[in-house]
Number of protein chains: 2
Amino acid sequence: MASPKRNKFSREDIRVARFAKAMSHPARVAVLRMLAAKEACYFNEISKKIPLAGSTVSQHMYELKRAGIVQDSYEPPRIKYSIDSRKWKQARRYFRDFLKIKQGK
Amino acid sequence: MASPKRNKFSREDIRVARFAKAMSHPARVAVLRMLAAKEACYFNEISKKIPLAGSTVSQHMYELKRAGIVQDSYEPPRIKYSIDSRKWKQARRYFRDFLKIKQGK
DNA sequence: ATTTTATATCGTATATTTACGAAATACGAA
DNA sequence: TTCGTATTTCGTAAATATACGATATAAAAT
């Protein structure tokens, strides 16, 4: 048998961490707020609001997609982004549960 | 005046992102769970549970301290870690509020 | 057919994160 | 004083993240 350190992290912890990572940059937090407020946004509007180069914003959008919270659809010639409600609900539940680990007194 | 991109991110978004970053690694999520469950832990116990080298665990503890969620006290020859309740409460509030940006239907 | 608009991708530079083992520190015990 | 235990810090390597401008692509407008 290998060392006892060989245990993996729990699925739950991995998921919480993944979601947290998606929110770990102010630009991505800001984008999520925009998307939530308007149901959907074209990249255009997002990029205008975020104080970073368009190519960088694009990268952040990719990260959000990769985390699964955001989806896009091609509406030529623009791309419409929106929150994936199902995934968001999931993520929110994981996070809410995690926040319960310590009660406020 | 500089370009309109020169705006900064909001304080709120920066704070959410900072706390999120603290929770963006499964090891740190696991540590927070341990601390919350037992009120406090010696480094020893934490390091035994986390499948990483002690020096790496120490680094993760430093990150949690840096984010302000965790505090330590020296009880020779050990170090006792605990969640900073005030900061945790704060973090939790920021997150709960953020999670409200989109309601579950 | 050319230009303009919208967006992604590429190439790249720099910074940060993550990880490890070895060495340092600090203390209590023998 | 020497030894053992607990923990951090150091040195360092490798991976990932962040940012930009330039270039590519695709469709719309002219």
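Each reported figure results from applying straightforward, stated rules to the coordinates on display, with no laboratory input. Remember, it's a predicted structure, so these values are computed and weren't measured experimentally. Positions of Cβ are generated from backbone atoms using ideal geometry, with glycine treated the same way; all protein chains shown enter the neighbour counts.
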TODO: Report the residue count in segment B:54-103 for those that are within 30 Å of A:GLU39 (Cβ to Cβ), within 8 Å of chain A (Cβ to nearest Cβ) and either within 16 Å of DNA strand D (Cβ to nearest atom) or out of contact with any Phe, Trp or Tyr (no Cβ under 8 Å at 6 or more places or on another chain) (or both).
DONE: 4
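In segment B:3-28, which residues are in a helix (DSSP H, G or I) and within 11 Å of DNA strand C (Cβ to nearest atom)?
B:ALA17, B:ARG18, B:LYS21, B:ALA22, B:PRO26, B:ALA27, B:ARG28 - these are the residues of segment B:3-28 that are in a helix (DSSP H, G or I) and within 11 Å of DNA strand C (Cβ to nearest atom).
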Task: Failed item in (1) within 13 Å of DNA strand D (Cβ to nearest atom); (2) surrounded by fewer than 16 Cβ atoms within 10 Å (Cβ to Cβ); (3) of a type in the set (Gly, Ala, Ser); (4) more than 16 Å from the chain's Cα centre (by Cα), with B:SER10 passing the rest - done: (1)
Task: Residue among A:SER47, A:SER82, A:SER73, A:SER58 that is touching a Cys at 6+ places or on another chain (Cβ under 9 Å), within 13 Å of DNA strand C (Cβ to nearest atom) and among the small types (Gly, Ala, Ser) - done: A:SER82
